[in-house]
Structures are given as structure tokens and as C-alpha cells.
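Quick notes on the structure that follows.
The values are calculated or read from the model by the stated rules, or taken from the named source; none is laboratory data. Just so we're clear, the structure is a prediction, and the values are computed from it rather than from any experiment. Don't worry about glycine lacking a Cβ; one is built from the backbone with ideal geometry, like all the others, and counts go over all protein chains shown. Heavy atoms of the whole protein, side chains included, go into the accessibility calculation; ligands, DNA and RNA do not. Shrake-Rupley method; radii C 1.70, N 1.55, O 1.52, S 1.80 Å.
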Protein chains: 2
Amino acid sequence: MKLELGANISQKKKIVLASGVFDLLHYGHVKFLEEAKKAGGENAELVVIVARDATVEKNKGRAPIMGELQRATLVESLKVVDRAVLGYWNLKVGDVIDRLKPDVIVLGYDQDDMMNEVQNYIRMKNLNVKIVKIGKFGEVARYSSSKIKQKIIDKLSN
Amino acid sequence: MKLELGANISQKKKIVLASGVFDLLHYGHVKFLEEAKKAGGENAELVVIVARDATVEKNKGRAPIMGELQRATLVESLKVVDRAVLGYWNLKVGDVIDRLKPDVIVLGYDQDDMMNEVQNYIRMKNLNVKIVKIGKFGEVARYSSSKIKQKIIDKLSN
């Protein structure tokens, strides 16, 4: 009992925030999310922001294959994820930070634009938020949505 | 304490066995697995057999898009799944039942061939195994691997 109480006091849950599109879910996504959660320590809560279809279309010029609701539900079905939320309309990165109050923000190797925005906001507001960048996995080439799309086309056109 | 002990005695973990290809994981798969686990009651353990690439190629005439290891790892990353195992080489349904000793075997709407094999084996050996068939979900049309493949081709050929 004592141990449990002690654990509760010293190990306040750290909220880790990660984000992405997560179209055609593959093991690279899971690995990224597992690394993200680790960045919050033993007792982390991983909240994942799943990008809206419209946002993806605007940024990449093409809508995802799977709709936003399907992508978010699938991400939330993963053991490593505590909560998945859809991206917010009309909200800047700073507003999202204010709303979700993360202790740690994790960014992937392809999220440098967001990195700058996050860093600027945290510096400006003098917030106690740790930023962690997760590098490319050695096997990232095997685990990418574009690779999967290409494989589908190759296999189906035979 | 008493309650816990009582619970342990009355609620022996039921092993539920489900199987499938799980190529291009989508929410239909998760829903199927959630229904499967429910069939084992409150305290079920869900073991999922993920079909080998070679088996899929033999049965469907086309290998899956995602390799067997990736499919199995992704399935095991799901909250609802306790354990994912790759299909066994050279083993008949009966051998798999003998090896994994399930209390419940769950079959999907498209697994009628296996249903007959399972039923015959259980009857022959007089085993106490419940067979549960999970019907087509209303939204199955939205959640199917072939639909996803078609969407990819449609979107990329524009």
C-alpha cells in the first residue's frame, strides 16, 4: 500500500503528444509511437493527434486513402496509444499546446516545419515542455505508406 | 481479497482463437477481433493466427501486400489482441486446435471452409470447444482490404 502511494506521488503521469497522418497503418507507425511513449518515462500517457483529411490534402496535395475517422479509430486501437484525437480546425500549434498541456512533444524525422513552430511557441511562452525528435528507423524504407502504395500497384498490375 | 479469489476461481481465462490474413489493417479487422474476444466472456485471452504469405498465395493466388511478419506484429500491437502467432506450416486445423487448446473458435463470415473442418474435428474428438460465427458488419463494404486497394489505385491514377 505504502509503495503504491509513493509511486502515485512521485510518478505523476507525463502527457506525451505525438501527431501524424497514419494512413495505411504499418509497423513503422507503431514503432514511432512506442518511441514517443518512451520519451515520457515509465508512467506516460500518449495522446496522438491524427491529421484531418482536409489538412493532409492542403499540405500534400492529395487526400489520404483512409478517412480521418477510420485513421483515428485505428490509432486508438493500438496498445501503445492512450488517446487519439482528430486535428483541430483553425488552431495553430500553440493553441493545441495550450489545450492539451503536454509535458513532452514528440516529432518525427519528417516534421521539421512543426519543430520550428513548436520551439518558437515554447520559447515565447517560456513553457516547461520537452521536445523530442525521433530519428528515422533503419528499416524505415520497408515501413512507409508510399512504399505500401507502390507495392499495391505493382502487385495488382501484374 | 475474498472477492478476488472468488473471481479467480470462477473466471478461468477462456482462450479464444481467431484467424485471418489482416493485410492492410483497417477498422473492420479490429471490429472483428473485438467481437471475437467478447465471445470468450469477461476474462478472455484472444489468440490470433495470422496466415503465412505462402498460404495466402496458395489460397488466393496472390501474396498479401504486407509480409507475414509485419502483419503479425501489427495485429499483436492491437489492444484487443493478447497474442498473435503466424500460421503453422504443414499443420491441419485439428493439429492447431490440439496445440493451442482454445475454448472458443471464432470464424468470420468468409471462413465457411474452415468452419466445416473445425466442426468435423471437434465432433470426431468430442471436444468441448464453442464455435462462434461472426457475421458481416453493416459497414463491411467500407472496411475491406480490396476496397482499400481500389481506392489507392483510383486516387493514384488521377
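Please indicate, with yes or no, whether at least one residue in the range B:17-30 is over 21 Å from residue A:73 (Cβ atoms) and either modelled with pLDDT of 90 or more or of a type outside the set (S, T, N, Q) (or both). Full working, then the answer.
We begin by selecting, within the range B:17-30, every residue over 21 Å from residue A:73 (Cβ atoms); these are B:17, B:19.
After this cut, where a residue has to be either modelled with pLDDT of 90 or more or of a type outside the set (S, T, N, Q) (or both) as well, the list is B:17, B:19.
Yes, the range B:17-30 contains at least one residue that is over 21 Å from residue A:73 (Cβ atoms) and either modelled with pLDDT of 90 or more or of a type outside the set (S, T, N, Q) (or both).
Run residue A:43 past the list (1) surrounded by fewer than 15 Cβ atoms within 10 Å (Cβ to Cβ); (2) within 14 Å of chain B (Cβ to nearest Cβ); (3) among the polar types (S, T, N, Q) and report the number of the one that doesn't hold.
Unmet condition: (2).
Test residue B:19 against the stated conditions and say whether it is more than 14 Å from every other protein chain (Cβ to nearest Cβ) and crowded, with 19+ Cβ neighbours inside 10 Å. Quick ask: steps written out before the conclusion?
Details: more than 14 Å from every other protein chain (Cβ to nearest Cβ): yes; crowded, with 19+ Cβ neighbours inside 10 Å: yes.
Criteria met by residue B:19.
Return yes or no: is residue B:55 under 22 Å from residue A:27 (Cβ atoms), open to solvent by 20 Å² or more (accessible area, probe 1.4 Å), within 14 Å of chain A (Cβ to nearest Cβ) and at pLDDT 90 or above?
It is false that residue B:55 is under 22 Å from residue A:27 (Cβ atoms), open to solvent by 20 Å² or more (accessible area, probe 1.4 Å), within 14 Å of chain A (Cβ to nearest Cβ) and at pLDDT 90 or above.
Against the condition modelled with pLDDT of 80 or more and either surrounded by 13 or more Cβ atoms within 10 Å (Cβ to Cβ) or within 12 Å of chain A (Cβ to nearest Cβ) (or both), how does residue B:153 come out, does it pass? Lay out the reasoning, then the answer.
Details: modelled with pLDDT of 80 or more: no; either surrounded by 13 or more Cβ atoms within 10 Å (Cβ to Cβ) or within 12 Å of chain A (Cβ to nearest Cβ) (or both): yes.
Taking the combined requirement at face value, the residue does not satisfy it.
Evaluate the range A:61-84: report whether one residue or more is open to solvent by 20 Å² or more (accessible area, probe 1.4 Å), more than 27 Å from residue B:24 (Cβ to Cβ) and either part of a helix (DSSP H, G or I) or out of contact with any strand residue (DSSP E or B) (no Cβ under 6 Å at 6 or more places or on another chain) (or both).
Looking for residues that are open to solvent by 20 Å² or more (accessible area, probe 1.4 Å), more than 27 Å from residue B:24 (Cβ to Cβ) and either part of a helix (DSSP H, G or I) or out of contact with any strand residue (DSSP E or B) (no Cβ under 6 Å at 6 or more places or on another chain) (or both), one finds none in the range A:61-84, hence no.
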